[in-house]
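Worksheet: one structure, shown below.
Read-outs: derived from the displayed coordinates by stated rules, not from any lab. Everything numeric in this text was worked out from a predicted model, so none of it was measured. Cβ: placed from backbone, ideal geometry, glycine included. Neighbour counts: every protein chain shown.
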Amino acid sequence: DKLTVSVRDHQYDVYVGSNTYELFSTEYAELLRTTDKIGIIADAHVAELHLPLLQKALAHSGREVSVKIVPGGEKCKMPEVYVECQSFLLTEGFTRNSLLIAFGGGACGDLTGFVAATFMRGIRFIQCPTTVLAHDSAVGGKTAINMPEGKNMVGSFHQPSAVLFDTDVFNTLPASEMRSGLAELVKHAFISDPLWTERLLEKEQFSTPSIEWLEQELLQGIKVKAEIVGEDEFENSTRKYLNFGHTFGHAVEAASGFGSLSHGECVMIGMGYAFLLSEKYGDIPEGFTNRYLHFANNNGYTFGPVFSYSFEELLSYMQKDKKASFGKMNFVLLQKIGEPFVKEISSEECQAAFEEFKAKLK
Ligand code: NAD
Ligand code: ZN
């Protein structure tokens, strides 16, 4: 199944399903013909498990394919790895007519996108995402690497030429990474659609879904993301809504040193907190937060980390959030399900909600 993303004058297709890489011999044969060299930047874990699948699909292109393996997961976004990738392309003789392919989760996609955005001032790239979370990260053109001073601090906007989401690689995805991606999926439902939200909250075995179900849901999630990005590529207005659950979620993620919990699992925590605020400052009915927490607990998400850090510690991270301006915290909240808005919340209000949140979790 496919979906078209339009950002300004640039359009590209996102395919989700089994055998998606076969499109390199059909839909994208022409693109490969107009490229002199192809470079795959592959996450080490993913390469070990699935690289032959992609290489086989590219073998018909008649183009030379070079592979650069980068550390698995978030480590590939270190500046050293970025520089290594650029040197690799230069020594391998890549030019402005070359093509890069990102093969891995959101981390590898962010790195590869930024390498592509900056190599010779920008070359084309294709996203071949391998995690459920990447339905979020592979669409929209945000690319970045991390600095010792902070995550995603150096980056650019660079839209891919295509996104080929092959669900055959999901069979090796760890359960925590599945939960991580599904958290962003429910986020897309919460900010856009009450009926879809109902369906997800009532879904049995939500965190161990069938591939057929997942494909349809991911397409829906990508549609929400694509519409928002099409409206507001540079995050001046509605793109902010995609940060629902992220202010508090990021704080928990940062306090835990990025590692013990996946990004989406932290966002799941953050959305609980944001629902509580939405009960207070929006029209979300009282009791909805409890229902949400019940759903999350039933599906293997944990809220333990909320008790591991002091409010002051979490607050310091929330105030450093990229959405904060002049030290004030701007939260994305929901007026109703499907109706996000941005509200400035004082640190006192945050603290009161934090105590209530802990009481609910006990
Ligand atoms: P990830 O890329 O770190 O991958 C998670 C782990 O799963 C890694 O250890 C990886 O090696 C492994 N893995 C990936 N695919 C696998 C597979 N098929 N089988 C087995 N193991 C596999 O994590 P992620 O959650 O995909 O992405 C998170 C990153 O995405 C963060 O760096 C975040 O900043 C970024 N992100 C970017 C955007 C954006 O708009 N650009 C949006 C959201 C998140
Ligand atoms: Zn996120």
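A cut-off under 13 angstrom between Cβ atoms defines the neighbours of I40, and their net charge, with Lys, Arg +1 and Asp, Glu -1, is +1.
Summing charges over neighbours of T95, with a neighbour being any other residue whose Cβ is under 9 Å away from its Cβ, gives +1 when K and R count +1 and D and E count -1. Put a dot 7 Å past the Cα of F234, heading toward its Cβ, do the same for S25, and the two dots end up 4.3 nm apart. Between C108, C76, C350, the Gaussian network model of the chain with springs among Cα atoms under 10 angstrom shows the greatest mean-square fluctuation at C350.
Seen against the Cα atoms of the chain and their longest principal axis, helix 79-91 is set at about 10 degrees. If R0 equals 30 Å, the separation of the Cβ atoms of S308 and T208 corresponds to a calculated FRET efficiency of about 0.65. The GNM of the chain, with springs linking C-alpha atoms under 10 angstrom apart, assigns the highest mean-square fluctuation among G73, G104, G270 to G73.
Shown here for the range 281-344: GluC sites (Glu not before Pro) in loop regions (DSSP other than H, G, I, E, B) with at most 13 other Cβ atoms within 10 Å, namely E286. Summarising the amide proton neighbourhood of I40: residues at separation of 5 or more, or on other chains, whose placed amide H is nearer than 5 Å comprise S66, V67, K68, I101.
Projected label points at E198 and N330, each 7 Å from Cα along the beta carbon direction, are separated by 3.3 nanometres. On a 0 to 90° scale, report how tilted helix 288-298 is relative to the longest principal axis of the chain, with both axes built from alpha carbons and the result rounded to the nearest 10. Helix 288-298 sits at roughly 50 degrees to that axis.
Between A175 and E64, residue separation times 0.36 nm minus the direct Cα-Cα distance comes to 36.4 nm. Enumerate the residues in the range 133-157 having an amide nitrogen under 16 Å from the point lying 7 Å beyond the Cα of S316 toward its Cβ. Answer for the range 133-157: 149-150. For the chain, the dipole from Cβ point charges (+1 on Lys and Arg, -1 on Asp and Glu) about the Cα centre works out to 520 debye, to the nearest 20.
Looking at the range 196-290, the chymotrypsin sites (Phe, Trp or Tyr not before Pro) that sit in a DSSP loop and have at most 14 other Cβ atoms within 10 Å of their own Cβ are F234. The residues neighbouring K360, those whose beta-carbon lies less than 14 Å from its own, together hold a net charge of 0 under the Lys/Arg +1, Asp/Glu -1 convention.
Mind checking the angle between helix 44-58 and the chain's longest principal axis? C-alpha axes, 0 to 90 degrees, to the nearest 10. Approximately 50 degrees, to the nearest ten. For the range 152-175 versus the range 224-297, the inter-centroid distance based on Cα atoms is 20 Å. Its Cα centre serving as origin, the range 35-103 has a Cβ charge dipole (Lys and Arg +1, Asp and Glu -1) of approximately 180 debye. Per residue of the chain, the DSSP helices (runs of n ≥ 4 H) give a summed -39500 (n - 2.57) that works out to -14000 deg cm²/dmol at 222 nm. Whole-Hz Karplus values for the range 63-69 come out as 9, 6, 10, 9, 10, 10, 8 Hz, taken residue by residue from phi with 6.51 cos²θ - 1.76 cosθ + 1.60 and θ = phi - 60°; glycine and proline positions read x. Between S6 and S260, the distance separating the two model label sites (each 7 Å from Cα on the Cα→Cβ line) works out to 4.7 nm.
Computed over every Cα-Cα pair of the chain and binned at 20 Å starting from 0, the pair-distance distribution P(r) comes out as 31, 57, 12, 0 percent.
If I take R0 = 35 Å and measure r between the Cβ atoms of N298 and Q351 in this structure, what FRET efficiency does the formula 1/(1 + (r/R0)^6) give, to the nearest 0.05? Between N298 and Q351 the formula returns 0.75.
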